[in-house]
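Let me begin by presenting the structure, written as structure tokens, before commenting on it.
Throughout, read-outs are computed from the coordinates displayed, never taken from laboratory work. Remember, predicted model here, so these are calculated numbers, not experimental data. Cβ atoms come from the backbone with ideal geometry, glycine included; neighbour counts cover every protein chain shown.
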Number of protein chains: 2
Amino acid sequence: MPKTLMILAHPKLEESIGNKFISKSISKQPNVTVRHLDKLYPDFKIDIKAEQEALLNADVIVFQYPLFWYSTPAILKEWIDQVMQYGFAFGKDSYGLADKKIIVSFTIGSPVKLYPKEVIEKITFPLKGLAEYCNVEYGGAIFCNDINGYSDEAKANALKNAADHSEKLLELINS
Amino acid sequence: MPKTLMILAHPKLEESIGNKFISKSISKQPNVTVRHLDKLYPDFKIDIKAEQEALLNADVIVFQYPLFWYSTPAILKEWIDQVMQYGFAFGKDSYGLADKKIIVSFTIGSPVKLYPKEVIEKITFPLKGLAEYCNVEYGGAIFCNDINGYSDEAKANALKNAADHSEKLLELINS
């Protein structure tokens with residue numbers, strides 16, 4: 001298992017199904033650190049140095065979040081804007097993360113049929129672009145749908161999807 | 001001039017060229033309100049009721065921001081996630097903004113050649129999707145490039161681009 005850093009964004013993790021399951025499941029593996037941004041930074045004041053150090057210590061970086069309005073939660077966007085700075089993550093001779101891999105891992109509340117391949121490509125474009133701009137290997141995006149708990153049946157289905165997702169994520173991390 | 005609400009996101013507006021010029025220029029028109037999110041909410045704690053009231057009072061909503069990592073600044077994303085709620089902006093019989101128009105207006109620091117049409121379509125997908133999901137008319141996206149002040153010549157060029165942009169934005173608002 002490579003040294004893995006999961007950057008987790010979820011404003012209500014305890015109420016979540018997918019992100020709670022996936023992050024707990026991955027955190028039990030060896031060499032995994034999970035940083036839950038909402039818990040670390042309730043006021044959105046990111047500790048840039050601490051985050052950059054955590055990145056430098058990792059081989060694989062996983063962005064884990066629920067899809068909100070076709071993109072990341074704001075706390076993850078603030079993390080990107082603050083941490084992925086010129087001179088650290090990109091710039092003349094300064095691609096500090098160039099030996100690492102980024103994996104994008106997210107959950108979607110809605111049914112799978114609303115998210116065909118071309119929509120997923122648009123949704124993942126900013127994080128794929130981030131990886132490319134910073135000369136980081138893009139390890140791909142995985143997602144699971146129907147993550148809601150509106151009924152017992154829906155909840156059981158969501159947990160099954162989250163378990164499948166966790167297995168796929170482990171494979172991606174190790175590939 | 002329809003009642004226009006500009007939702008402005010820029011963490012360092014005084015140092016900006018394009019967003020400062022465009023927001024000042026539009027704010028001089030009649031019936032225009034500009035809400036600068038970074039100034040209103042330095043701690044990211046959005047006043048949801050105040051924002052929803054401002055939306056209800058407007059005919060045209062303009063999202064104005066600099067492109068950061070292929071998407072909106074985090075403060076604008078937090079605004080969207082908090083304000084565009086179920087039961088207000090969408091939901092069973094609850095499309096509260098259905099009689100309005102959304103315009104997406106942004107600046108890009110990099111040269112225009114890096115942003116062909118298919119890239120712009122990916123970049124604007126989340127805000128276009130937001131408009132469609134909320135049954136709001138999508139009034140289109142406009143952007144200007146090369147907005148940086150690395151030299152006197154670059155700054156003069158950026159100001160010219162921003163002035164052209166402001167004119168186009170006024171046309172879109174009035175169309």
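Listed values, structure above:
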item: Peptide A:64-73, shielding by other chains (average Cβ, 10 Å cutoff); result: 5
item: Ascending list, in nanometres, of distances separating the A:Tyr133 label from those of the other copies (7 Å, Cα toward Cβ); result: 2.3
item: For the range B:4-174, radius of gyration divided by Kirkwood radius, i.e. Rg to Rh on alpha-carbons; result: 0.95
item: For the range A:136-159 versus the range A:18-51, the gap between their alpha-carbon centres in whole angstrom; result: 18
item: The protein assembly as shown, dipole about Cα centre (Lys/Arg Cβ +1, Asp/Glu Cβ -1), debye to the nearest 20; result: 20
item: Cα-based Rg / Dmax (Å) for the range A:55-128; result: 14.1, 44
item: Label zone at B:Lys12 (point 7 Å along Cα-to-Cβ), backbone N below 12 Å, the range A:76-115; result: A:86
item: Residue-span extension gain [A:Ile48 to A:Tyr95] - 0.36 nm each, minus C-alpha spacing; result: 15.3 nm
item: Alpha carbon Rg of the protein assembly as shown, scaled by the compact-globule rule 2.2 N^0.38 Å; result: 1.00
item: At 7 Å out from Cα toward Cβ: A:Ala154 inter-copy label distances (nm, ascending); result: 5.0
item: Net charge dipole size for chain B [Lys, Arg +1 and Asp, Glu -1 on Cβ; Debye, nearest 20]; result: 100
item: Helix-only mean residue ellipticity at 222 nm for chain B, each DSSP H run of n ≥ 4 adding -39500 (n - 2.57), per residue, nearest 500; result: -13000 deg cm²/dmol
item: Size of electric dipole in the range B:65-162: Cβ of Lys, Arg +1 and of Asp, Glu -1, about Cα centre, debye, nearest 20; result: 100
item: Kyte-Doolittle mean at least -1.0 and Cα axial length at least 27 Å: DSSP H helices in chain B; result: B:152-174
item: Average other protein chain Cβ within 10 Å of Cβ, residues B:129-140; result: 1
item: Cβ neighbours within 10 Å from other chains - mean over B:118-126; result: 4
